[in-house]
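Following: one structure in structure tokens, then a few remarks.
The values are calculated or read from the model by the stated rules, or taken from the named source; none is laboratory data. Keep in mind that this is a model prediction, so the values were computed, not measured. Cβ atoms come from the backbone with ideal geometry, glycine included; neighbour counts cover every protein chain shown. Remember, those area values only see protein heavy atoms, side chains included, never the ligands or the DNA or RNA. Shrake-Rupley method; radii C 1.70, N 1.55, O 1.52, S 1.80 Å.
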Amino acid sequence: MATDTHPSKAGAGAAGPSLRRLLLDNGALTALVVLLVAMSLLSGDFLTTQNLLNVGVQAAVTAILAFGVTFVIVSAGIDLSVGSVAALSATVLAWSATSAGMPVVLAVLLAVATGIACGFVNGALVAYGKLPSFIATLAMLSIARGLSLVISQGSPIAFPDSVSVLGDTLGGWLPVPVLVMIAMGLITALVLARTYLGRSMYAIGGNEEAARLSGLRVKKQKLAIYALSGLFAAVAGIVLASRLTSAQPQAAQGYELDAIAAVVIGGASLAGGVGKASGTLIGALILAVLRNGLNLMSVSAFWQQVVIGVVIALAVLLDTLRRKAGSGAASAGGSSGAPGSPGPGRRGAMKAGLALVCVAAVIAAVTFFNSGSSGGKTRIGMSLSTLNNPFFVQMKAGAQEQAKADGVDLTVTDAQNDASQQANQLENFTSSGVDSIIVNPVDSDAVGPGVRSANQADIPVIAADRGVNKADTATLVASDNVAGGKLAAKALADKLGGKGSIVVLQGTAGTSASRERGAGFAAGIKAYPGIKVVATQPADFDRTKGLDVMTNLLQGHPGITGVFAENDEMALGAVKALGSKAGKSVSVVGFDGTPDGLKAVGAGTLYASVAQQPKELGKIAVQNAVRAAEDKKVAGTVKVPVKVVTRQNVADFS
């Protein structure tokens, strides 16, 4: 017989138990609340309106991708292609609206159709081709990324202004990406809870064979599920490109892992049958809060990856414990709850997992907390394109030495060659109110919006090594890359006696360093008509890519006599590919004068390197940042001299 709730127990005291029950039954929500409280206590810059809006913007792209992935995971699949599909869709839009001259509305529709088509192919491979979803979407990851590079020729494409408003704000404060994220979240919730397709997802994820026997057309449902994931990926790509005002062919690399992590952290089961839009949103916010808060607390970018990895591992552990508890409860009681919500038998496991997540988050924050305050010191934020390159490691070391000498509070972040991540870092610096910012752009165009935000906040920005386009900087501190390229051309031509066939390994497309070094080399080599450039290929300033690209080029051009690489890392990769030919029948010239490069010059495998002074560059950048913060006059451009280093003078540089 039903028992009525006593009025005295349903009044004022009901709110407390209801909130407690809500938090206990939603482990991800509790973890988010704990994180918000911890970050607020540990960083005075965190709990501000501007910074919280930054968190929302930084979560938007991951959340939109994750909403699409939620459909797939609920149906017991996986989609590894969403990051590449996002980049391809944005590239298609930008190319269609610019190079092809297509009306913007049609270009947007074509971009969305591209995402849907990619998802449809994934679904067909899984449903009709019987491929595991992991393999099918892994193949699409490569195909979509390759098509993006083919269409763009490896270079960023300017985004139409009429679409770039998706990366702006309404009324000067409300970010449009956040509104798009909320809209896509509502659509996800509606599809999962109120549609036949949504109920089919839970049925297929719970037991595909039972779903088929009950009359569901499983194959057709899978086509729709993966097509939806592709649609959401296209929207995410358009929002991302709008933020960066350009379509980057290498954008969203690794975002598929963040999307899957957000879904799992939000409570979805990798085994299928469980998942909610609200949980996915919370998972994306947890990742964004972690990155934002750790940035504000000056935690090393390397340790940030460790912390986020721990949180993901604990989330998967929670999923495992929850499923075990759920299967135990099902055996005992023979009943199950509504789709996406845990039954009573799971609560013990949820609480245990929740405790682990919360404790790990708080311990991580406290462990990495920078206990010293700036105490009135000048605060400078420095965003480097990558710390996976000796040149920028030396630049960081020089900057830190100068900051220590000047008594400056310097925070250094690593963008990991991700233009979107660098945009987030610049927004974090701006919202935390640093006195000046030093930026070494991943991409000279994509960094523009972040620098313009700093301009609006009257924070001076110093560009280091690479210039910034479409925004104001107080100064550019860089080596004379054009002059260095010309010096490299002369050194290589003199070594070859003015005759031979050479290849050129280019840096990251879109960066001023690559453009200027390449332009200087091209201008210099024209003076030697006996030398022919037989191939020019990008290797993204990376040693491994330099090795792979050079290995491939040797198959088509076995008789080359020279190589110019736009940095030492690619040059060292080329040396490895050349093997015994390096320094003998083939002369290799690099650029930067890194310790490994100079060592190879001394050994004779690398003929020469155009030496920069990265430590000096970092020091000069900090000096100018301090002067700009104090409203003192700084030069518009500061050129750090370069010099060709060969075996004859390498001892002077080592």
Tell me the angle of helix 277-296 to the major Cα principal axis of the chain, expressed in degrees between 0 and 90 and rounded to the nearest ten. 40
Holding the Cα-Cα limit at 19 Å, pick out from 486/545; 495/526; 576/615; 499/545; 470/633; 486/532 the pairs that are longer than that. 486/545; 576/615; 499/545; 470/633
For a Förster distance of 41 Å, can you work out the FRET efficiency between the beta-carbons of residue 139 and residue 173, rounded to the nearest 0.05? 0.45
How large, in percent, is the carbon and sulfur part of the accessible surface of the range 172-324 at a probe radius of 1.4 Å? 66
Taking each pair of distinct Cα atoms in the range 469-544 once, what is the resulting Kirkwood hydrodynamic radius in Å? 13.5
How big, on average over all directions, is the shadow cast by the Cα convex hull of the chain, in nm²? 33.7
Pop out the carbon and sulfur fraction of the accessible area of the range 529-593 as a percent, whole number, probe 1.4 Å. 52
Less than 13 Å apart at the alpha-carbon level, and either on another chain or at least 8 residues along: which aspartates and glutamates does that give for residue 619? 401, 406, 465
Of 156, 383, 106, which is farthest along the charge dipole of the chain in the positive direction, counting Lys and Arg as +1 and Asp and Glu as -1 at C-beta? 106
In terms of Cα to Cα distance under 30 Å, which lysines are near enough to residue 219, apart from those fewer than 8 places away along the same chain? 130, 276, 324
Length gained when the stretch residue 522-residue 52 is fully extended (0.36 nm per residue, less Cα-Cα span): 164.5 nm
Computed [θ] at 222 nm, deg cm²/dmol, the chain (DSSP H ≥ 4; -39,500 (n - 2.57); rounded to nearest 500): -19500 deg cm²/dmol
Taking a cut-off of 14 Å between Cα atoms, list the aspartates and glutamates near residue 222, but don't count ones fewer than 8 places away on the same chain. 79, 208, 209
Extension gain residue 632-residue 305, at 0.36 nm per residue separation less the Cα-Cα distance, in nm? 114.0 nm
Quick one: dipole size for the chain, taken about the Cα centre, charges +1 on Lys/Arg Cβ and -1 on Asp/Glu Cβ, in debye to the nearest 20. 1240
Pop out the ³J(HN,Hα) list for the range 249-263 in order, Karplus 6.51 cos²θ - 1.76 cosθ + 1.60 with θ = phi - 60°, rounded to Hz; leave Gly and Pro as x. x, 9, 5, 6, 5, x, 5, 4, 6, 4, 5, 5, 4, 4, 5
With all protein chains in place and a 1.4 Å probe, residue 619 shows an accessible area in Å² (nearest 10) of 50
With every protein chain kept in place and ligands, DNA and RNA left out, what is the accessible area per residue of the chain? Probe 1.4 Å, answer in Å². 41
Degrees, to the nearest 10: 301-333 long Cα axis against longest axis of the chain: 20
Rounded to whole Hz, the Karplus (6.51, -1.76, 1.60) HN-Hα couplings of the range 626-641, x for glycine and proline: 5, 4, 5, 5, 8, 6, 8, 6, 10, 6, x, 9, 10, 9, 8, x
